[in-house]
Amino acid sequence: MKRILYIFIAFAVSGASLTSCKKDYLNTSPTEAIEEGQVFTDTKGGWAALNGIHRAMYSAYDNQDQTGQSTIMIDGDMLGEDLVMTSAGNGWFNASYQWTMHRNTSATHLKFVYYFYYRIIANANKIINQIDGVSGNDADKKAIKGEALTYRAWAHYMLVQLFGARYDAAKKPNNQAGVPLQTKFTIEPQPRATVEAVYTQINKDLNDALTNLTGYSRAAKSHFDSVVVYGLKARVALTMQDWSGAATNAEVVINKGGYSLMSNTDYVKGFNSAENAEWIWASRPTDDQTTAFNGFFAYMSVNFSSSNIRSNPKAINKNLYAYLTATDIRSQLWDSTGKKFTVPTADFKKYPYMNQKFIAKGASSSVGDVPYMRLAEMYLIDAEAKAQLGQEGNAADALYTLAHNRDVNYVKSSNTGQALKDEIAIQRRLELWGEGFRFFDLKRQNLPVDRSGSNHDAALALVLKVPAGGVNWQWLFPQDEVNANPKLEQNPL
Amino acid sequence: MKKALLLLLVAAISVIQAHAQTRPITGKVTDAKDGAPLFGVTVKIKNTNTGTTTNAEGKFSLNVTGNPVLEFTFVGFTTKEVASAGKSNIDIKLGADEKALSEVVVIAYGTTKKGSNTSATTQIDSKKFATRAISNIATALDGAAPGIQTNAGSGQPGDGPAIRIRGFGSVNASSDPLYVVDGVPYSGNLSSLNVADIESISVLKDASSSSLYGSRAANGVIIVTTKKGKNGRNQLQVNAIQGFNTRGIPEYNRVNAKEYYPLLWEAQRNALVTGGTALDVANRRASGLVAGAKGIKDLLGYNPFNVADNAIVGVDGKLNPNAELLYPDDLDWEKAVTRTGARGEYGINYSGGTEKTDYFASLNYLSDKGYVINSDFQRISGRINVNTQATDWFRTGVNLSGTFVKSNQTDVTSSTSYVNPIFFARNIGPIYPVYQHDATGAYILDKNGERIYDIGGSRGANASPGRNAVAENLLNDNSFTRNVLSGRTFGEVTFLKDFKFTTNISVDVANYRANTYWNTVVGDGAPAGLGGRTSTQTTSYTLNQLLNYNKTFGPHTIGVLLGHENYDQTASSLYGERQSQVILGNSELYNFTTTNNLYSYKRQYRTEGYFSRVNYDYDEKYFVSAAFRRDGTSRFYKDNRWGNFYSVGAGWRMDKENFIHNVSWINMLKFRSSYGTAGNDAVIDVDANPIYYAWQSLYKLGYNNALEPGVFFTKLGNPAIQWESNKSFDIGVDFAILDNRLTGSVEYFNRRSDNLLFDLPLPLSSGISTQTTNVGSMVNRGVELQLTGEIFRTKNFGWTADLNLSTFKNELTKLPQPEIINSTKKLSVGHSIYDYWLRDWYGVDPDDGAALYVAGNPTGAGVRTMKNGDVVTTNINNAKYHYAGSAIPDLYGSINNTFSYKQFQLSFLISFQLGGKVYDATYASLMNAGSYGNALSTDILKRWQKPGDITDVPRMDQSQTTNFNAATSDRWLTDASFLNFRSVKLGYTVPEAFAKKAHMRAANVFLSGENLALFSARKGMNVAQAFTGVTSNVYMPARIISAGLNITL
């Protein structure tokens, strides 16, 4: 019996040691994520970290109205006068349309926008801070770093436009409060840098990006290359009223970028494919990266079968539409009668001036490429900058190239002075409708919102006029940032 | 060892000798109280395994050698020892008088007698919940003992409440107690346990009882013990319960269609006026009399009346007196999403045992149909528990159970998703029909003559346009199956007389498969159809080795336990989702064209621990115990993963002292006190899912950019994180007085949590929103009282009343930063974790009906100075935040009354709480200032309407919903006191004589009710929904009325 006893105990104890006494018994690792140290070992990991940011541009976050950059594009037009809500739909973006979302510190949508850009900055900083030390060839490292710098610049640029006071070239340096400036990954609370400091860093990052991206040929239009950086430099310069900078950089893209304006046939294909000859920068989701009810086309298309599209197709301001001639291909993007467009089922409500600029892949798929930069914008920047510089002939030429492409009967403008500037502005509004520019254009030009006398309904819009330059043009910082960042000072309420 | 062997030999020889000189002893055992024969009493020769049990007449017969001492034991009665010298007939009476003290209490890695227990342990025996219609064992804990707090829980069939023991131990780590089933930590779903298989539940409340579970015991331990067969009591039991489910908490009072339209007219009209439109124009526009401008009908979309669209509400804001509803019977969405559900439970078990082997086997079927459409829960479970004393020194057993669960679940995952029928039915305006109607109001029928669901594409923006939760819940599939196989086995070797070595091996395997299907007609899947499948396999192994030494010499008894345990849990999950259904009626993934989602992962959690406990008692009068455990977890970095936990406890049975022994009215008086530590490693995310790798900085996979591989930084790690530790002190008195008619205990606890695991909010501008950190300390201190009084104890009538009262104070004592604001709460030193931090609601301006808040900046936005000088604001961003009370009640408890009259038993359990506040977010959504299409509470009828109106409800104004209905304002706080008729049972025991005639040993029929009535400050408010005090649109508890039958053969 004694022996049996010993055998039993020995067995039990050894059983225990077999399973547990191994030194690494308590070391377990995740399978749905990678430890940071493993990401930054080689350039392959660096590319993965960079592509993660590209993906974040069209990822769905916590709510249906939180889908990467496309959400902020929609906000950009909701705040303006050119996009018209035909009904309240199922409520999405109503608060943006009514100018309350960005002035409500508790709005989850507001938090999303703010946090979205800082997540991109944090991911870019992680790359910028670590990529030099990984194994792999230098060309890859430079390309990865260059793209990350571009993201950092672009995200700060978006933030400062939304949350900072307007940049005014007439009162340099712009010492009004901008946004926290993050040039390395840190969880330490950061105060708001001045608007001037933020723009200085944006320009520095873009220039550094150019250095790194020279000679790099990108894999897809979701990536940045030097042409995109020139395009962004043109945009930033325009916002800073640096007219010559804007024109110079836009010209680089126009002349050396290798892009051409699209054909009229392509123009009415639905703005959903980065294959388009004039698209410079875009997200390219695949079918299994569906954004369902979240994505851009779930709110802006004519045909995706979401409650939002079915009840609330987005329309154009009829006063803006009135500028279109019958031969202008863009006139086919909107239907002033509200009867003509083909929609998938009878459940889809139709309204006058609704758009079919954006067409989703199908009634059941909101997947589509999302345009972030097109060549047309460069012509418009070039024209606007030159008009501001007083080079009116050159401005009219730049405008003609674009406008003539859209309307064969377009005659080169003989306008001068404010009339020319106005004509360029109208072309810009028509061309970029729905692509998220309007709020930013109004703010940089210090213009008011005026929705009166149009097809905006007071009951839906609540706000028909917003005077230029008031506190409402600065988005409020979300309460979560205010709570966790004692160094941050809220914008005037 | 040699000596032991010798001893064994001597013993063996003596046994052989004994055979030669046996003599019979017979006798009868009766109940000391009423003289009734006791059936199944174990009669044993002391210190041997030789014995028998009494028959139905209480009689026994046993052959003995020499003059041994006989030991009479019976569950619930005092064990008696009788010397057999010179006796051949022994008639004895067993008394239940010291019942409370002899009861065996299950504690960590063993059992003890209640009278010797030095810790705060509450045991709930099966008879407390046996005849209740409960599907989840956690439900049985509501009101069961002081110090146990439950929330209202979900009424989804199969679900139970969450449990908190002695306050709230954690902020962002789990505050759930550790569940131990048959000696082994259990991480499975509680709904997989068949309640009828459970013998007892022990709740270990203080550290001296729980610290032996070390790393996971910080929030208390709940030990579930399943049934075993009893020696000589072979029996077969059959039970059946049949009942029905209805909604336990009624809906909020909401305005009807005729009240609704003018209110929304007013909201539009006032919004237009606020926007600068002249009053008369605004009146006409809202009435729909201005061509080309949207009137209230355009904004609400539906005209359910028999009058023209522009004649529903006049320019005076009054409903057209001729307006009558076209389809008044089709506007009740609550009725459409609810039903009366049937609940049935049927079980059979048989058990018994011989001297050496006992067995228990059961089979049970439960079918529980919820009161919300398409929600049900079916469970088939079986168990076999066999234990045997294989040899003198070796004991072993197997406890195997298998469960199969199949359930349709109401989709209430998100409080405000369209598919959530509770949200939908509560919030849709009273003017929208469930089905389509023609212009006359008649139902439109499809070609089969069926009514057609109204998808409501043109409903108001806040009336879920384009959706229909009734149709969606009926056409979608949201179901799961779960198969659970649990095996426990042990080997126990007794050696060297006082030593026992036990090894326990257990395996729990759960296979879970969830089916999701979103239909092609309406909702998230329309028009193409969307299907998803989740398959998760969770396997956990526990292996432990325990060495026990027990020795009594003279008045001294010593017990020592040494142990080692390791635990390994692996969860592997696979999810696939595909879109565009090929043919209708088949939702398997094959039947779709496009893959939207496909991923799998594996998560692993392991712990390892070494532990020891020493107990000592002197003459069953003085008790001391000490325990120690060293535990390691996979959840922390290797340098910080090991933690040491210990406890000490002492008890003093004062009643055994001479100076009290003679005080006749004191039957028992025990002082006990303990101090100890326990840990918590259960880091969880906002949805309470465990985070396994919190210390690591992680890049999430699945961020591929089209086809290029991509990862995204989503988790900032913290290698420094370590155990959250709990240090608890407990002091208590247990007593039994007045002939044991009043028993109870009073205790005080002070439970301090240090190194709180906290998701520290970071500035969003850092690009990462939180980091798991050990940041602070928190104290829960409180007093618990438990009293049981046998108010009447006569032959025919008995009345016992239990009272449980608990009060505690939760207070943060250390934080790394002065304040941490998290949703509706702010953490700061001196406040509790559930102290509200909200905008300071001031009231309504009598002049214009604006909502007013105390101004944060007196010269800031929207400021007004009231006549009394108060500086207020109409701009929520300038509203001042302040502490506005706590979600923690001042006092909570329960009263349980049990009456017996002859063959009848009646008991009812009332649970209650006093004080504390609810943040009634679901009510807030019904108090909106004019969200088109959203339902309204009847309280909105008290709104401001004209200058001079004194009210606390602002004017209707759709343009001001943000300011008027600001979330996180203390306007939405309501008193959280409640009184809940939790459970009522009425039973009838068939008279023995009658039962016998029917060849039954016992039979019992009963009626029971759960959640019969809830009284709180507001009808509709789910007052105990969450410990945080915040309500949302959840599946509220069910009211269950049932009848049942229990037969023992």
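The values are calculated or read from the model by the stated rules, or taken from the named source; none is laboratory data. All values reported here derive from a predicted model rather than from experimental measurement. Note that each Cβ is placed from the backbone with ideal geometry, even for glycine, and that neighbours are counted across all protein chains shown.
Answer yes or no: is there a residue in segment B:659-674 that is touching a strand residue (DSSP E or B) at 6+ places or on another chain (Cβ under 8 Å), at pLDDT below 95, crowded, with 21+ Cβ neighbours inside 10 Å and within 14 Å of chain A (Cβ to nearest Cβ). So far as segment B:659-674 goes, no, none of its residues is touching a strand residue (DSSP E or B) at 6+ places or on another chain (Cβ under 8 Å), at pLDDT below 95, crowded, with 21+ Cβ neighbours inside 10 Å and within 14 Å of chain A (Cβ to nearest Cβ). Given the structure, is A:PHE116 at pLDDT 95 or above, within 12 Å of chain B (Cβ to nearest Cβ), surrounded by fewer than 24 Cβ atoms within 10 Å (Cβ to Cβ) and more than 22 Å from A:ALA220 (Cα to Cα)? For A:PHE116, the condition - at pLDDT 95 or above, within 12 Å of chain B (Cβ to nearest Cβ), surrounded by fewer than 24 Cβ atoms within 10 Å (Cβ to Cβ) and more than 22 Å from A:ALA220 (Cα to Cα) - is not met.
Filter segment B:273-293 down to residues that are of a type outside the set (Gly, Ala, Ser) and at the interface with chain A (Cβ under 9 Å from one of its Cβ atoms) and give me whichever is nearest to B:PRO433 (Cα to Cα). Once the filter is applied, the top-ranked residue is B:ARG285.
Quick one: in segment A:134-182, of everything that is part of a helix (DSSP H, G or I) and touching a His at 6+ places or on another chain (Cβ under 8 Å), which residue is farthest from A:LEU488 (Cα to Cα)?
A:GLU147
Within segment B:302-333, the set of residues being surrounded by 16 or more Cβ atoms within 10 Å (Cβ to Cβ) and of a type in the set (Asp, Glu) comprises B:ASP330 only.
Among what's in segment A:119-175 and is more than 24 Å from A:LEU447 (Cβ to Cβ) and β-branched (Val, Ile, Thr), pick the residue that is surrounded by the fewest Cβ atoms within 10 Å (Cβ to Cβ). Checking each candidate, the answer is A:VAL134.
Could you look through segment A:301-346, keep only residues that are basic (Lys, Arg) and under 29 Å from A:HIS404 (Cα atoms), and pick out the one that is farthest from the other protein chains (Cβ to nearest Cβ)?
If we take residues in segment A:301-346 being basic (Lys, Arg) and under 29 Å from A:HIS404 (Cα atoms), then A:ARG330 is farthest from the other protein chains (Cβ to nearest Cβ).
Taking each residue of segment B:294-313 that is within 14 Å of chain A (Cβ to nearest Cβ) and looking for partners that are among the acidic types (Asp, Glu) and surrounded by fewer than 23 Cβ atoms within 10 Å (Cβ to Cβ) with beta-carbon atoms closer than 7 Å, six or more apart or interchain, yields B:LYS294/A:ASP457; B:LYS297/B:ASP309.
Here B:GLU324, B:GLU345, B:GLU334 are screened, and the one residue that is acidic (Asp, Glu) and over 27 Å from the mean Cα position of the chain (by Cα) is B:GLU324.
Of the residues making up segment B:548-573, those that are assigned to a strand (DSSP E or B), surrounded by fewer than 19 Cβ atoms within 10 Å (Cβ to Cβ), touching a residue at least 12 places away in the same chain (Cβ under 8 Å) and more than 28 Å from the chain's Cα centre (by Cα) number 9.
What do you reckon, is A:ALA458 within 14 Å of another protein chain (Cβ to nearest Cβ), without any contact (Cβ under 8 Å) to a residue 12 or more places away in the chain and over 30 Å from A:GLY368 (Cβ atoms)? Yes. Taking the criterion of being part of a strand (DSSP E or B), farther than 17 Å from B:ALA120 by Cβ and of a type in the set (Val, Ile, Thr), the residues of segment B:780-811 that qualify are B:ILE791, B:THR800.
Pick from B:ASP454, B:ASP446: which is more than 12 Å from chain A (Cβ to nearest Cβ) and at negative phi?
Values: B:ASP454 fails: more than 12 Å from chain A (Cβ to nearest Cβ).
Selected residue: B:ASP446, the only one of B:ASP454, B:ASP446 that is more than 12 Å from chain A (Cβ to nearest Cβ) and at negative phi.
When the helices (runs of 4 or more DSSP H) confined to segment A:332-445 are screened for residues that are surrounded by fewer than 22 Cβ atoms within 10 Å (Cβ to Cβ), out of contact with any Gly (no Cβ under 8 Å at 6 or more places or on another chain) and among the aromatic types (Phe, Trp, Tyr), those reaching at least 1 such residues are found at A:392-406. Of all residues in segment B:600-611, those that are within 7 Å of chain A (Cβ to nearest Cβ) have Cβ atoms under 7 Å from Cβ atoms of residues that are surrounded by fewer than 17 Cβ atoms within 10 Å (Cβ to Cβ) and assigned to a strand (DSSP E or B), 6 or more apart or on another chain, in B:LYS602/B:THR570; B:LYS602/B:SER572; B:GLN604/B:THR570.
With respect to the conditions (1) in a loop (DSSP other than H, G, I, E, B); (2) within 14 Å of chain B (Cβ to nearest Cβ), A:ALA298 lacks only one, and its number is (1). Give segment B:574-600 a look and list any residue that's part of a strand (DSSP E or B) and surrounded by fewer than 16 Cβ atoms within 10 Å (Cβ to Cβ), or say none. Scanning segment B:574-600 gives B:LEU574, B:THR593, B:THR595, B:ASN597, B:LEU598, B:TYR599, B:SER600. Residues that are polar (S, T, N, Q), within 10 Å of another protein chain (Cβ to nearest Cβ) and out of contact with any helix residue (DSSP H, G or I) (no Cβ under 6 Å at 6 or more places or on another chain) within segment A:119-138 comprise just one, A:ASN125. Hey, among the residues in segment B:851-888 that are in contact with a Gly (Cβ under 6 Å, 6 or more places away or on another chain) and assigned to a loop (DSSP other than H, G, I, E, B), which one's nearest to the other protein chains (Cβ to nearest Cβ)? Within segment B:851-888, the match that is nearest to the other protein chains (Cβ to nearest Cβ) is B:ASN875.
Within segment B:237-275, the set of residues being in a strand (DSSP E or B) and over 30 Å from B:ASP197 (Cβ atoms) comprises B:ARG254 only.
Assessment of segment B:389-407 against the conditions (aliphatic (A, V, I, L, M), out of contact with any His (no Cβ under 8 Å at 6 or more places or on another chain), within 14 Å of another protein chain (Cβ to nearest Cβ) and at negative phi) yields at least one matching residue. Could you tell me whether B:GLY143 is of a type outside the set (D, E, K, R), part of a loop (DSSP other than H, G, I, E, B) and at pLDDT 85 or above? In short, yes.
So that you can scan it fast, the table gives a plain yes or no per residue for (1) in contact with a strand residue (DSSP E or B) (Cβ under 8 Å, 6 or more places away or on another chain); (2) of a type in the set (S, T, N, Q); (3) facing chain B (nearest Cβ under 10 Å):
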{"position": "A:LYS23", "(1), (2), (3)": "no, no, yes"}
{"position": "A:THR28", "(1), (2), (3)": "yes, yes, yes"}
{"position": "A:GLY80", "(1), (2), (3)": "yes, no, no"}
{"position": "A:SER87", "(1), (2), (3)": "no, yes, yes"}
{"position": "A:TYR97", "(1), (2), (3)": "yes, no, no"}
{"position": "A:ALA107", "(1), (2), (3)": "no, no, yes"}
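For segment B:701-736, a residue qualifies if it is in contact with a Gly (Cβ under 8 Å, 6 or more places away or on another chain) and within 14 Å of chain A (Cβ to nearest Cβ), and the qualifying residues are B:TYR703, B:ASN704, B:ASN705, B:GLY710, B:VAL711, B:PHE712, B:PHE713, B:GLN722, B:TRP723. Looking only at segment A:199-217, decide whether some residue is outside any helix (DSSP H, G or I), modelled with pLDDT under 95, farther than 19 Å from A:TYR118 by Cβ and within 14 Å of chain B (Cβ to nearest Cβ). So far as segment A:199-217 goes, no, none of its residues is outside any helix (DSSP H, G or I), modelled with pLDDT under 95, farther than 19 Å from A:TYR118 by Cβ and within 14 Å of chain B (Cβ to nearest Cβ). Screening segment B:111-134 for residues that are β-branched (Val, Ile, Thr) and over 27 Å from B:ASN1046 (Cα atoms) and picking the one that is surrounded by the most Cβ atoms within 10 Å (Cβ to Cβ) gives B:THR118. Scanning segment A:450-471 turns up no residue that is under 20 Å from the mean Cα position of the chain (by Cα) and surrounded by fewer than 23 Cβ atoms within 10 Å (Cβ to Cβ). The number of residues in segment B:742-763 that are under 24 Å from B:ARG672 (Cβ atoms) and within 14 Å of chain A (Cβ to nearest Cβ) comes to 0.
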